[in-house]
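S.K.: Once you've had a glance at the structure underneath, I'll fire off some questions.
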Amino acid sequence: MAKASAAITSSSSAEYFSKNLQQVGFSSYTKAALTTIKEAVDNSLDACEDADILPEISVTVQRLGEGSGKGADHIRVCVEDNGPGLLPEDVVKVFGEYLASSKFGRGRCSRGQQGIGISAATTWAQLTHARGALVITKTTKMRQAIKCQVEVDIKNNRGILKEKESYDWDRPSGVSCDFLIDARIQMQGEGGLLAYLNGVTLVNPHLTLHYKILDEDWVHIERIENTVPKIPEPTEPHPHTMKLGEFIAHSHLFGKTRVSAWLKTGFSRISDGILKELKEHGVKSSLLERAVSSLSQEEFKFIFMGIQKLKLMAPSTKSVLSIGEAGLAKSIQRIGAVDFFAVMSRKPTICDFKPVLVEVAIARMKDKGSEEESIALLRFANRVPLQFDKAGCAMTKAVVSVNWKAYGLAQPKNSLPLGPYIMAVSVVSPFIKFKNASKETVDASDELVEELRRALIQAGQRLSKHIRREVKEADLEKKRQHIELFAPILVDGACRISKAGKGRREKALEGLAKILGREAHLAEKELTEAIEHSEAALEKLAQVTGVLPAVQEEPEEQVEVGEQMSLDGIEEKKSKKEKRKGK
Amino acid sequence: MPARINVEKLSVEMCEKLLRDLERGKRPVLEATKCSLDNSLYNPKVGYLTPGDKKVQTELNVSSVKKMSRTIFVLELILRNIESGANNTKREVYYIAKGEIKHNPTLKPLDFEDQNESDEIIDFICEMMECYREDLNCFANDRGGQTYSGQLIVEETMPDGDKAVIDLSKLGTAPFQPKNRPQSLKLKARKKIDFCLIVESEGTANTLVSSGFTKRNNVILLGAQGVPSNAVRGWTKLIQEELAIPIYFFGDLDAYTLQNIFRTLKAGSAASLIRNQDFSAPDVKFLGVLPEDIKKYDLPDYAVKENDATESRALKKARDALENDPFFQDKKNKGLSDILKWLLKNKRRCEQQSFFSVNPRDPLMPEKIILDKIKNKNFV
C-alpha cells in the first residue's frame, strides 16, 4: 500500500460553507446584499406562518460608506418582523450554526429547508466586517427583549453569543436582525432588489411589507388577505413518491405490525380497497398478514412493485400549499397598474415521485415593459423568488416551449414571448429539486416541465380572451378611421363628375355614414359580445376565487368610449369638417 | 367596328346612380363583367371567346370603399384626358395620379404603391363600361406587328380628319408598324395577295424579308414578337376583315406558343373578354412547327426541362387548358388540342428556327418548307 501522504482530517460544516459561500448565494457583492435580505425575510415569513401570525416585515438598507473589499460598499441590512420571536438559546443556533433548523427534511412546503442561509449571512458579515449579526428578539413570554450579537465559531460550527443585554422593545414579539456587510445594491433588473421585493409580495398576499432602500422613500405594501395560510402538516408518505430503499427503511419503524396494517397506517392513499386490488395483482393474503419484520428483501420488492402498478389517488392536497387563484388575483394588482390578467392554479400532482403544485399568473401591465421587450418572468419555488440562472430553470423552459402566438402574444423562435406582461410561475412542493444549494434554479425534469406547460397553456387560454377583445377594439377603431378617410373623397369625386350640387353632396355623405355606420354597428355588436363573453369568464373565475378583478369594471368604460365614437361621432365630425370647408 | 362607346355619358350615369343610392342610404353596387376563363364562352361560329353572364359586383363597404374612391378618382383623370384629347399610357396615368395626389393632401389615402394598383383600376373601369382601354385614351405600347409587304397599301385617317397613305412597297427594308387603333385604318392591295404569314420571332421574320421572301411572294409578312399585343391582334383582325386572305401563324412547337400566343391571336384571351371581338382573327391557321414536321424534316427537338419553373408551369397550364378552356375543348379545334396532348405526352419541344437545320447550306430552305406546307395544306 502506498504511504499515506497527509493526515485525513474532518472539518465542520461551518468550515465548509465559510470557504464556499458562493455556493449559497454569496458569489458577488450584489448577490450578497440580496441573499442576506432574502434569507432574513424567508425566515421571518416561515416563523410567522408557523405561529399563525399575519406577517408584517420591514426592510431597511443603508449605505454607510466604502466597504472593506475592493469595489464594495459598506452596507447595513436590517430586517424586522412581528413573528413569534426566538428564545435566546435558539438565537445562537439559528444565526450561528449551520444545518441547525426546525425544518430540515420535514416534508413541509416551508421556504427554508436546511438551515444554511441565515448562518451564511452571519458568516459573510463576520468575514467582511469582523462582526456577526446584531439580533433583537422577544417572545410573548419574555418580559423584555434581548439584544445580542451572534457569531459563527467556524472551527466547531457553533454559535457564539456576545454582548447580550436586555432591551426595551415596543412590541409583543418579533425578531430584528442587523447585518453590516460588504455589498453592492442593485435595484433594477431580474436580479435586483425590487424584483425580489415585488416577487415576495406577489406570492404572499397576507404579507404587509415596508421597505426603505438607500435614499429612496419608504414603500408600504399592505396585505390583501387577512388569513395566515395554513402550512399543511406533512402527510404519511405516498408510496408512489418512494424508492424501494426508502420503502424498506420506512418499515423498520413498524416492527412486528402486520403488513396490511403497516401499509394502511404508514402510507397515505392506501385503503382496504387498494389492498384488495393488490391481492388481485398477485400479492397473497398470507403475505399481507405476516409481520413486517419477517419480510425478506424479495418480498418487500414484490409488494413495492405491486403497489407501483396500482392507480392510487394523487398525494393529498394537504401536503402542498397553494397560494390560490384568489390570492394571486388580488396580489398581482399590488405589483403595479394591471391592464388585465389571468391566473391558473393547477391541482396537485406527482412529478418525479414528489407532490407538486403549479400556479401561474399572467398580467398585462400598463406602465411596465413594452411590445418589443421580452415579458418579465418571475419564478417562485415554495413562494421564494428565484432570480438567477434563468436559462437552466424548468419554469423558463416550460414558458419557452409554449406557443404563445396562439394566445395573441408575439414570440421569437425558442424565446420568451414579447410584450408588457409579467408572467409569474410558482412551484410549491415539500421536496423541490433545486440545481444548487443557493436555490436559484429548479431542475428541469420532463415531468415537471410538462406540468408547468399545462398550467401555462391554461393561463394562456384565459389570457387570450382579453387579448382577443383588444384586437376587436382596435379593429373597430380602424374601420371607423378608414371610413372617415375615404367617404368625402368618394362623394366629392362622384359629385364633380355628375356635376351634383352641394345639397346632394351633403345628403350623400349622410347616407354613406349611415351605410358604413351600420357596419360599424355590426362590429360594435361583435365587440360587445366579445366583452360579455370575457365578462362571463371572469365572473366564473370570480365565483371560484371570490375576487372580482379590477378588469371587471373596465368594459363598461370602453363601451361608453365606443358609443361616443360611433355613428353620431362620425357624423358630427364630418359636419364639422364640412362647416369648416363651407366657411 | 362598333360605334365608339360614350365614356363621358356612361361615367355621369354611373356617378348619378351612385349618388342616388347614397342619398337613399342604399349601398351602391358597381357591376363589371367577370373577365376570367370560367366566364368565357366559345362558339366556333363566332370564333372568339365571349363573356358569359357572370358579373363582379363591388358593393360599397368598409373593405371596398378604397377601391371605389380610387375608381372615381381615376375616372375623373381619364375624363379630363378625353375632354382635352390627350392620350396616355397606363404608366403615365399612374404618374399623373401620383402627381394629383402629391398636390392634394386630402387624396393621400388613395395613393398607389405601384403601377399594378392603378392598372387594376383602369381595367376595372373598362370591365365596368365594357369599353376598350383605347376608349379611355389610354394606350399600351405598340409592341410587335412589324409588317412587310410588296403589295399592301394602308390608308390612315388621323384624329383631325387628315388622311395618310402608306405604300408598304416603298418602305425599303423598314417595316410598317400598326397602331393600337386599327379602326382608323383602311387596307388595299395593289395586286392580289396570296396569304399573310405571322412569324412568332421578330428576328426570323426579318431574316425571311432580307432573303427576299416578300419579293418572291405576294404576301404580307409580320412579326408577332411573342405574345401578341393589342396592336398585333387588332391589325391581324383588320387584315382578315378587309382582305379576306388566308392567314398562317408560324411559331415554336410548345405549350406556351400554342396557348398564350396562338390562341390569343385566333380567339382572344379570357382577360380581354370584352375586346376579343375586335382583337382576334378566328381564321388564322397554325402552320407549325407541327409534331409531324419533326419526323418529316428530321428537325432537332429537345426534352422539356420539367425542373424549370417556367416550363413546368406552361405544361400545367396546358393540362388546365384541356380541362377548362372552352376553346381547346371545342371539337372544331381538335387538331390544336391534339397538339397540346402530344406535347403533354411526349414532353418535347421544337423551335421554329430548327427549319434552318434542314439544309444548313441553303438559306432559302425555311421559305421552301413554309411554301411547301401551305401548298400541301399541312397546317391546323
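S.K.: Tell me, which residue of region B:101-113 that is under 21 Å from A:His482 (Cα atoms) and more than 11 Å from chain A (Cβ to nearest Cβ) is modelled with the lowest pLDDT? Steps first, answer last, please.
M.R.: Going through region B:101-113, the residues under 21 Å from A:His482 (Cα atoms) turn out to be B:101-102, B:104-113.
Filter once more, so that each one left must be more than 11 Å from chain A (Cβ to nearest Cβ): B:102, B:105, B:111-113.
Numbers: B:Lys102: 92, B:Pro105: 87, B:Asp111: 92, B:Phe112: 93, B:Glu113: 90.
My answer is B:Pro105.
S.K.: Whether any residue in region A:481-495 is more than 14 Å from chain B (Cβ to nearest Cβ) and in a helix (DSSP H, G or I) is what I want to check.
M.R.: First, the residues of region A:481-495 that are more than 14 Å from chain B (Cβ to nearest Cβ): none.
No, region A:481-495 has no match at all.
S.K.: Then there is this: If A:Phe104 meets every condition in (1) in contact with a helix residue (DSSP H, G or I) (Cβ under 7 Å, 6 or more places away or on another chain); (2) at pLDDT below 80; (3) of a type outside the set (S, T, N, Q) apart from one, which number is that one?
M.R.: Unmet condition: (1).
S.K.: Name the residue that is nearest to B:Glu23 (Cα to Cα), counting only residues in region A:511-523 that are facing another protein chain (nearest Cβ under 8 Å) and modelled with pLDDT of 70 or more.
M.R.: A:Gly511
S.K.: Filtering region B:248-280 down to residues that are of a type in the set (S, T, N, Q), under 9 Å from the mean Cα position of the chain (by Cα) and in a loop (DSSP other than H, G, I, E, B), which residue is surrounded by the fewest Cβ atoms within 10 Å (Cβ to Cβ)?
M.R.: Filtering region B:248-280 for residues of a type in the set (S, T, N, Q) gives B:257, B:259-260, B:264, B:269, B:272, B:276-277, B:280.
Checking the rest, the ones that are also under 9 Å from the mean Cα position of the chain (by Cα) come to B:264, B:269, B:272, B:276, B:280.
Next, only the ones that are in a loop (DSSP other than H, G, I, E, B) stay: B:269, B:272, B:276, B:280.
Values: B:Ser269: 24, B:Ser272: 21, B:Asn276: 24, B:Ser280: 27.
Checking each candidate, the answer is B:Ser272.
S.K.: Taking region A:141-156 as the search range and keeping residues that are over 14 Å from A:Ser11 (Cα atoms) and assigned to a strand (DSSP E or B), which one is modelled with the lowest pLDDT? Steps first, answer last, please.
M.R.: Residues of region A:141-156 over 14 Å from A:Ser11 (Cα atoms): A:141-152.
From the residues that got through so far, the ones that are assigned to a strand (DSSP E or B) too are A:145-152.
Values: A:Ala145: 91, A:Ile146: 90, A:Lys147: 92, A:Cys148: 91, A:Gln149: 90, A:Val150: 90, A:Glu151: 88, A:Val152: 85.
Only one residue tops the list, namely A:Val152.
S.K.: For region A:399-449: of the residues being within 30 Å of A:Thr36 (Cβ to Cβ) and among the basic types (Lys, Arg), which is surrounded by the most Cβ atoms within 10 Å (Cβ to Cβ)? If you could, list the steps in order and put the result at the bottom.
M.R.: The first filter runs over region A:399-449 and keeps only residues within 30 Å of A:Thr36 (Cβ to Cβ), leaving A:399, A:416, A:422-444, A:448.
Now restrict to residues that are among the basic types (Lys, Arg): A:433, A:435, A:439.
Values: A:Lys433: 18, A:Lys435: 15, A:Lys439: 25.
Among those that are within 30 Å of A:Thr36 (Cβ to Cβ) and among the basic types (Lys, Arg), it is A:Lys439.
S.K.: Scan region B:34-49 and report the pairs whose first residue is over 24 Å from B:Glu241 (Cβ atoms) and outside the structural domain of B:Ala270 (by TED's automatic domain parsing) and whose second residue is polar (S, T, N, Q) and surrounded by fewer than 19 Cβ atoms within 10 Å (Cβ to Cβ), with Cβ atoms within less than 6 Å and a gap of 6+ or a chain change.
M.R.: Listed by first residue and then by second, the contacts come to B:Leu37/B:Asn324.
S.K.: Kindly evaluate A:Gln333 against the criterion of being surrounded by 14 or more Cβ atoms within 10 Å (Cβ to Cβ) and either more than 32 Å from the chain's Cα centre (by Cα) or in contact (Cβ under 8 Å) with a residue 12 or more places away in the chain (or both).
M.R.: Values: surrounded by 14 or more Cβ atoms within 10 Å (Cβ to Cβ): yes; either more than 32 Å from the chain's Cα centre (by Cα) or in contact (Cβ under 8 Å) with a residue 12 or more places away in the chain (or both): yes.
So A:Gln333 fits the description; yes.
S.K.: If you scan region A:239-269, which residues turn out to be hydrophobic (A, V, I, L, M, F, W, C) and closer than 17 Å to A:Lys301 by Cβ? Steps first, please.
M.R.: First, the residues of region A:239-269 that are hydrophobic (A, V, I, L, M, F, W, C): A:242, A:244, A:247-249, A:253-254, A:259, A:261-263, A:267.
Once the filter is applied, which keeps residues that are hydrophobic (A, V, I, L, M, F, W, C) and closer than 17 Å to A:Lys301 by Cβ, region A:239-269 yields A:Met242, A:Leu244, A:Phe247, A:Ile248, A:Ala249, A:Val259, A:Trp262, A:Leu263, A:Phe267.
S.K.: Given the condition surrounded by fewer than 21 Cβ atoms within 10 Å (Cβ to Cβ) and in a loop (DSSP other than H, G, I, E, B), answer yes or no: does some residue in region A:30-42 qualify?
M.R.: No, the conditions are met nowhere in region A:30-42.
S.K.: Which condition number does A:Val24 fail, the rest of (1) of a type outside the set (Gly, Ala, Ser); (2) without any contact (Cβ under 8 Å) to a residue 24 or more places away in the chain; (3) farther than 14 Å from A:Ile181 by Cα being met?
M.R.: Every condition holds for A:Val24 apart from (2).
S.K.: Can you name the residue in region A:454-480 that is basic (Lys, Arg) and buried (at least 18 other Cβ atoms within 10 Å of the Cβ) and is also farthest from the other protein chains (Cβ to nearest Cβ) among such residues? Give the steps one after another, and end with the answer.
M.R.: Within region A:454-480, the first condition is being basic (Lys, Arg), and the residues that meet it are A:454, A:462, A:465, A:468-469, A:472, A:478-480.
Of the ones still in play, those that are also buried (at least 18 other Cβ atoms within 10 Å of the Cβ) are A:462, A:465, A:469, A:472, A:479-480.
Values: A:Arg462: 31, A:Lys465: 25, A:Arg469: 20, A:Lys472: 14, A:Lys479: 5, A:Arg480: 9 Å.
Going through the qualifying residues, I end up with A:Arg462.
S.K.: I'm trying to understand the selection: among the residues of region B:96-118, which are loosely packed, with under 11 Cβ neighbours inside 10 Å and not in a helix (DSSP H, G or I)?
M.R.: B:Glu113, B:Asp114
S.K.: While we're here: Within region B:139-152, can one find any residue that is of a type in the set (A, V, I, L, M), away from every other protein chain (no Cβ under 11 Å) and surrounded by 14 or more Cβ atoms within 10 Å (Cβ to Cβ)?
M.R.: Yes, there is a match, as at least one residue in region B:139-152 is of a type in the set (A, V, I, L, M), away from every other protein chain (no Cβ under 11 Å) and surrounded by 14 or more Cβ atoms within 10 Å (Cβ to Cβ).
S.K.: Only residues that are closer than 17 Å to B:Leu344 by Cβ and in a helix (DSSP H, G or I): list them for region B:293-310, please.
M.R.: Hits for region B:293-310 are B:Ile294, B:Thr310.
S.K.: How many residues are out of contact with any Leu (no Cβ under 9 Å at 6 or more places or on another chain) and of a type in the set (Asp, Glu) if we restrict to region A:164-195?
M.R.: Selection size over region A:164-195: 3.
The values are calculated or read from the model by the stated rules, or taken from the named source; none is laboratory data. All figures in this text were calculated on a predicted structure; none of them were measured in a lab. Heads up, the Cβs are rebuilt from the backbone with ideal geometry, glycines too, and the neighbour counts pull from every protein chain shown.
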